[in-house]
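Below you'll find the structure, written out as structure tokens, and then a few comments.
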Amino acid sequence: MNSRAARLANLLVGNPQDAAVLEWAVKGPKLYFNDSRVLAVTGATVSGVPLARSFTIAEGEALDLSNILDGYRGVLAISGGIDVPMVMGSRSTHLAAGFGGFRGRALKRGDHLGLGNPRVRSIEKGWFISPALLNPPGAESLKVRMVRGPECDWFDEATWEKLLNQKFVVGAQSNRMGLRLKGVKLLPTNKEQMVSQPVTAGTVQVPADGNPIILMADRQSLGGYPRIGNVSWVDLPILAEMMPGQSFQFEEVTLEQAESLRLQAENDYGLLETGLARHLTGD
């Protein structure tokens, strides 16, 4: 769900940016380690655990991630990554479909996770990420940026004014497939029956009840609701950290602006990886 947190955590432990990590919501697990590893936690702030800073855990020690102090979703990266098979180009778990990750399900007490061969086994000093890099470029606006979608002209300008000037609340039925929003209802002026069309992460669909849905990590590949917009790729991590009941406001940007934000984010990842590579190497 929070790709930025996952990529940053992996960089802090010397992993490839797409190595498998653990992600949890509300309450994390308690983990026991059979050998020493370098770890990093990003996303949510956990009691007693450094945030966005690499640290070492020794063989036989436990890591308690159960007490989140701030945030909603936490991410743990382990040097060497988690040894799970690649399925359809990903090591993530699709809970609804029951495949990928570790046996296609959420972890439970007693599970034993294999780990990969680490590039880094110990560190003399914990490396940390500047707070300015923890959030997407431009996130200080406190708004979620979006571009107009393929069916944007199905909605009149008055509806667009409502969309951009009113706050939306994340509904209790939100999950990994999508965030169901509550607030002003968005009703199309075009009453045509829509044929199912491709959707992606961040697609903002408007079902018949007028309450928009933002598709997230476990989204389907096709949708039959009008696509009024698409959240900028860099702002999806902001949505991933929102709990039910939290509110936000949309901000419209152009496709060129959204792409510029993406390139800036990729540049940040590249600079961080280059800087850490000098230090996070060897045993």
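The values are calculated or read from the model by the stated rules, or taken from the named source; none is laboratory data. Values in this document were obtained by computation on a predicted structure and should not be read as measured data. FYI the Cβ positions are ideal-geometry reconstructions off the backbone, even for glycines, and counts take in every protein chain you see. To get the accessible areas, we keep the full protein, side chains included, count just its heavy atoms, and leave off ligands, DNA and RNA. Shrake-Rupley method; radii C 1.70, N 1.55, O 1.52, S 1.80 Å.
Results, tabulated for the structure shown:
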quantity	calculated
From the options Leu63, Leu39, Leu11, Leu31, residue that is more than 18 Å from Ile238 (Cα to Cα), in a helix (DSSP H, G or I) and either touching a strand residue (DSSP E or B) at 6+ places or on another chain (Cβ under 9 Å) or free of Cβ contacts under 8 Å to residues at least 40 places away in the same chain (or both)	Leu11
Of all residues making up region 211-244, the number that are among the acidic types (Asp, Glu) and under 27 Å from Asp156 (Cα atoms)	1
Residues of region 8-40 classified as surrounded by 20 or more Cβ atoms within 10 Å (Cβ to Cβ), out of contact with any Lys or Arg (no Cβ under 8 Å at 6 or more places or on another chain) and within 24 Å of Ser174 (Cα to Cα), total	3
Hits in region 218-229 (condition: open to solvent by 40 Å² or more (accessible area, probe 1.4 Å) and in contact (Cβ under 8 Å) with a residue 40 or more places away in the chain)	Arg219, Gln220
Residue count for region 90-123, restricted to those that are open to solvent by 40 Å² or more (accessible area, probe 1.4 Å) and among the aromatic types (Phe, Trp, Tyr)	1
Residue check for Met1: of a type in the set (A, V, I, L, M) and free of Cβ contacts under 8 Å to residues at least 12 places away in the same chain	no
Residue count, region 228-245 (criterion: assigned to a loop (DSSP other than H, G, I, E, B) and within 21 Å of Pro207 (Cα to Cα))	3
Filter result for Ile82 (surrounded by fewer than 21 Cβ atoms within 10 Å (Cβ to Cβ) and closer than 19 Å to Val120 by Cα)	yes
Residue pairs meeting the criteria (Cβ under 8 Å; at least 6 apart or on separate chains; first modelled with pLDDT under 90, in region 80-103; second hydrophobic (A, V, I, L, M, F, W, C) and open to solvent by 40 Å² or more (accessible area, probe 1.4 Å))	Leu95/Ala106; Ala96/Met177
Selection within region 124-148 - open to solvent by 40 Å² or more (accessible area, probe 1.4 Å) and under 20 Å from Val38 (Cα atoms)	Glu124, Lys125, Trp127, Phe128, Ser130, Leu134
